[in-house]
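The values are calculated or read from the model by the stated rules, or taken from the named source; none is laboratory data. What you are looking at is a predicted structure, and each value in this text was computed from that prediction instead of being measured. FYI the Cβ positions are ideal-geometry reconstructions off the backbone, even for glycines, and counts take in every protein chain you see.
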């Protein structure tokens, strides 16, 4: 696991694009900010695009755009002030704060803005694969996630917790969710993880072309001693051929920023995103989960003062 995480962490730096932490816009000037999400076309990216649209529309003097990224890498980019806002997973934030797992140092400058949508893990195989359990993955090619992404980190951790080590007990393939779906369809991998919100067009399209099934995880082992993960489900009928509820591991997506980001800007952004959550949901159904009910779910790091102010006004904090 440590070797795999070291490989992943060495790739974080390749995405650096210097930017400064944003401040509230001066009258007559436009403040340009970015929200870094996940892989292009995935749920994170689409939700980030919805959030950017809301900010542009409802926060005067601010123009926002979405950027592709990866959950673990996003924390580092926000900490370096390369982007103003970023999405990450609850477990990534937990370990970044402690300087553990995939993080070789602590990132105490990261602050939470809000909790958002649930990310259920899906372990997918073709129905003709002969694979029926996690144990059957020994020696197989398994799509894990692309380097630096929340999926790559989580799937490596998850598999080790269930007794299988990447590149030792099975052949880890570091692919984007889109590449995982394509490789399953083409038969170039035996199994693949997709760790994004449901429903996702990637699995809908895959299931329409190739008979698939979801493999159950050993949740007793997977969740033991991991307060940042929880049991969740994909409702039966969400995807073709998956008629029963699929009970699986889940974690929450959260929006973060740097502690130095202007409190007034963060307050106005927080207010706009919560009060126009239906508009966020126009780009992906998961956007509707970024509501006050889920505002603190999975958040283990301190809230930014600007976000804290709004949440206190609403009685959430």
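Is it fair to say residue 300 is closer than 19 Å to residue 200 by Cα, assigned by TED's automatic domain parsing to the domain that holds residue 106, modelled with pLDDT under 95 and outside any helix (DSSP H, G or I)?
no
Looking at the stretch 203-219, is at least one residue outside any helix (DSSP H, G or I), in contact (Cβ under 8 Å) with a residue 12 or more places away in the chain and farther than 22 Å from residue 130 by Cα? Within the stretch 203-219, none of the residues are outside any helix (DSSP H, G or I), in contact (Cβ under 8 Å) with a residue 12 or more places away in the chain and farther than 22 Å from residue 130 by Cα. Looking at 287, 250, just one residue is within 23 Å of residue 178 (Cα to Cα), in contact with a strand residue (DSSP E or B) (Cβ under 9 Å, 6 or more places away or on another chain), crowded, with 17+ Cβ neighbours inside 10 Å and modelled with pLDDT under 95, and that residue is 250. When the strands (runs of 3 or more DSSP E) confined to the stretch 69-139 are screened for residues that are in contact with a helix residue (DSSP H, G or I) (Cβ under 7 Å, 6 or more places away or on another chain) and farther than 30 Å from residue 187 by Cβ, those reaching at least 2 such residues are found at 85-89, 110-120. If you go through the stretch 140-150, how many residues are in contact with a helix residue (DSSP H, G or I) (Cβ under 7 Å, 6 or more places away or on another chain) and surrounded by 24 or more Cβ atoms within 10 Å (Cβ to Cβ)? Summing the residues that are in contact with a helix residue (DSSP H, G or I) (Cβ under 7 Å, 6 or more places away or on another chain) and surrounded by 24 or more Cβ atoms within 10 Å (Cβ to Cβ) in the stretch 140-150 gives 6.
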